[in-house]
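Take a look at the structure set out below.
The values are calculated or read from the model by the stated rules, or taken from the named source; none is laboratory data. Bear in mind the structure is a predicted one, so any value in this text is a computation, not a measurement. Cβ coordinates were reconstructed from backbone atoms using ideal geometry, including for glycine residues, and neighbour counts include every protein chain displayed.
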Amino acid sequence: MVLDGNDIQITPTGEEPGSKTLKVEIPASRVLSAEREATKYFAKRARLPGFRKGRAPLPVVLKKYRGEIRERMLRDLIGVSWKQALEQERLRPIAEPHVHHLKFEDGTDASFEFRVDVQPELTLDRIGGFQLKRTVPSVSDDAVAEQLEEIQTQKATWLPTDGEPPMNGQMVSVSIATVEDGSVGERRQHQVVLGSGQAIPGLEEEIMTLRPGDTKQAKVRYPDDFPDETKRGQTRAVEITLHEVKRQELPELNDDFAREVGDFESLEALRQAVPHAKPTPTSGSSSWRRSSAQTSSPRPIRWYGVC
């Protein structure tokens, strides 16, 4: 999706050596337009009972995928705002921007702050007479393909499944509580991509025996390489409830994908630009996706932290 950022207001609010702060204001009409575009994106791919694929009415799609639509909408708005900020303020970032103070409610303007590390302005007493030799490393086709795959994953959509037990590579929302002497402790909600190492293998195996809505009690063993040596080999009784399962749908790598990523007329143009790309907001750091209460996810079970 290519969004025009002409109605987005970006105002510098702070500057320190090596960093800048920018306030971004997005009018409600623009937010609504972005929500409509995101809803159309899901409508083309949604499979809803009673409708052919891509034929469900937009209000029905919005109600079904409201959380996912809101996340995609914010991601697109922040992405186009960052692009405008780069051009308007002539930024030279040295790291990915962080988003803070995100304010967003239905039917109102949205606002947030970009905080970005930039190349410092330096004054040199001598600016000539140097001899430098620069070697530019070549970028292999494999490296370009790997970067394209990463972009493809960032643009992926998570869609609910049809109620079957989850598999590796799917995202699950679960509640887990410890069980001691028959008493169930506090339930904590987590979101995990199975097979990604976010939970210990024994717990993932138990989760994959459940269907959404199921609850079971099981004994889970800590692996022998568990970081906490005092827990290695121990067994803990837990109660697991599986709430939801989602599958990842990757967009096709084609010309439409390239145009959605940015100002590229074709996939080949995107492929040529990858080695020279500037950093953009991603979910891999403490960036905008982690700054929004509306889009944050339940914490992952990092090495089964509830035990």
Neighbours by Cβ (under 7 Å, 6+ apart or cross-chain): first from region 254-265, free of Cβ contacts under 8 Å to residues at least 60 places away in the same chain and under 14 Å from Asp76 (Cβ atoms); second of a type in the set (Lys, Arg) and loosely packed, with under 15 Cβ neighbours inside 10 Å: none
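Conditions (1) at pLDDT 85 or above; (2) of a type outside the set (Ser, Thr, Tyr); (3) out of contact with any Phe, Trp or Tyr (no Cβ under 8 Å at 6 or more places or on another chain), marked per residue:
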residue: Ile8; (1), (2), (3): yes, yes, yes
residue: Glu25; (1), (2), (3): yes, yes, yes
residue: Glu35; (1), (2), (3): yes, yes, yes
residue: Tyr41; (1), (2), (3): yes, no, yes
residue: Lys53; (1), (2), (3): no, yes, yes
residue: Val60; (1), (2), (3): yes, yes, no
residue: Gln84; (1), (2), (3): yes, yes, yes
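Residues in region 200-210 that are assigned to a loop (DSSP other than H, G, I, E, B) and not polar (S, T, N, Q): how many?
3
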Whichever residue in region 116-154 is touching a helix residue (DSSP H, G or I) at 6+ places or on another chain (Cβ under 7 Å) and not polar (S, T, N, Q) and, among such residues, is surrounded by the fewest Cβ atoms within 10 Å (Cβ to Cβ): Val139
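If you scan region 10-26, which residues turn out to be charged (D, E, K, R) and in contact (Cβ under 8 Å) with a residue 60 or more places away in the chain?
Taking region 10-26 as the starting set, the residues that turn out to be charged (D, E, K, R) are 15-16, 20, 23, 25.
Those that are charged (D, E, K, R) and in contact (Cβ under 8 Å) with a residue 60 or more places away in the chain: Lys20, Lys23, Glu25.
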Residue count, region 229-249 (criterion: farther than 22 Å from Leu77 by Cβ, touching a residue at least 24 places away in the same chain (Cβ under 8 Å) and surrounded by fewer than 13 Cβ atoms within 10 Å (Cβ to Cβ)): 0
Selection status of Ser29, exposed (fewer than 13 other Cβ atoms within 10 Å of the Cβ) and in contact (Cβ under 8 Å) with a residue 12 or more places away in the chain: yes
Extreme residue, nearest to Glu249 (Cα to Cα), among residues of region 63-93 that are within 21 Å of the chain's Cα centre (by Cα) and not in a helix (DSSP H, G or I): Tyr65
Scope region 183-214; condition of a type in the set (S, T, N, Q) and surrounded by 13 or more Cβ atoms within 10 Å (Cβ to Cβ); matching residues: Gln189, Gln191, Gln198, Thr209
Selection from region 87-117 of residues that are in contact with an Asp or Glu (Cβ under 9 Å, 6 or more places away or on another chain), of a type in the set (A, V, I, L, M) and closer than 15 Å to Ser19 by Cβ: Ile94, Ala95, Val99, Val116
Residue that is of a type outside the set (Val, Ile, Thr) and without any contact (Cβ under 8 Å) to a residue 12 or more places away in the chain, where the choices are Gly182, Gly202: Gly182
Selected residue (only one of Glu113, Glu87, Glu105 is more than 21 Å from Arg36 (Cα to Cα) and loosely packed, with under 12 Cβ neighbours inside 10 Å): Glu87
